[in-house]
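Step one of this worksheet: look at the structure below.
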Amino acid sequence: MKATVPATTRSSRLPILIALLCLAAAGAARAQVPPPDPQAEARLVPIEQGDIKLMEQVLSVFRGSPITYALIEDLNVIVLYGPASAVQSAEEIIRQLDRPARPVSEANVVFAVDILTNVKELGQPLASNATAVAEPVRKEFPDGDLFLMDRILMRARDGSAVEGSGFIPLGGDQPSTYQFKVDRVTIESAADKSVVRADGMIVGAELYLPEPKIDTPQPAEGQPVPPPVRARRSDQNRYNVGLRVGNLTLRPGQPVLTSKQNLMPGQALYFVVTARIEE
């Protein structure tokens, strides 16, 4: 005969079972928590000048290390916990970076890239007001005349990047192109004057130039003169010239020779960059 437990008895035991389950869960949780490390310490690091949210990016390097951390944005405080030596190292890094962010100005930077050459057929005579552009070239390469192949203007905001390309009017079937790029443009103060820092600068060009002309003998007397032959694309030489300048500091209004690229013996291109700040 199967015994039954009265409903009142079952209901009276339910709170006891729940209490026992709670105690068992609490004991299991306590068993899973490792004992505290006697060498560990907790430290509060107040952020006085910097942005606490940016500090979180710095602290991400400690992920997987013995250090744990918490950001309390309302109090502008970072809590570090871990071995004393590791906590000390983390605090030193935080304090080094706890400084005001560099204010970004509203000014623009205008870059002028002058492509000069010593080949008369590839450029135009320099204007009288453009002699300053040729000075850095003549300082390094004093011999020979210089001609302006093209001038490129680019404008960028302080703290931004700038990149552009276009065509160089040299004629021929295949168009010649230029490239100019700066990964980051920054206006900095130096000796009571503003300078322009151009990080990751690249200047270059892809040129298609005709083959050198070869003098042909004049026809004999009485023979017809052959018609001129138009240069074909296959008669053009391709020159891919350029340089990753890297990081460059420019004084406003002062032209800088960034690179010289040889086309063939006795023929060269010169890339001159000038920066100007527009308030």
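Please treat every number below as a calculation from the coordinates, not as lab data. Note that the structure is a prediction, hence the values are computed from the model and not measured. Backbone-built Cβ (ideal geometry, glycine too); neighbour counts: all protein chains shown.
A quick yes/no check of all residues on (1) within 21 Å of the chain's Cα centre (by Cα); (2) not aromatic (F, W, Y):
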| position | (1), (2) |
| --- | --- |
| L80 | no, yes |
| S89 | no, yes |
| R95 | no, yes |
| N108 | yes, yes |
| V119 | no, yes |
| E135 | no, yes |
| R138 | no, yes |
| F141 | no, no |
| R157 | yes, yes |
Please count how many residues of segment 38-64 are over 15 Å from R99 (Cβ atoms) and surrounded by 12 or more Cβ atoms within 10 Å (Cβ to Cβ). 6
Six or more apart or on different chains, Cβ atoms under 6 Å: show the pairs whose first residue is in segment 155-171 and farther than 23 Å from T117 by Cα and whose second is among the acidic types (D, E) and surrounded by 13 or more Cβ atoms within 10 Å (Cβ to Cβ). A161/D183
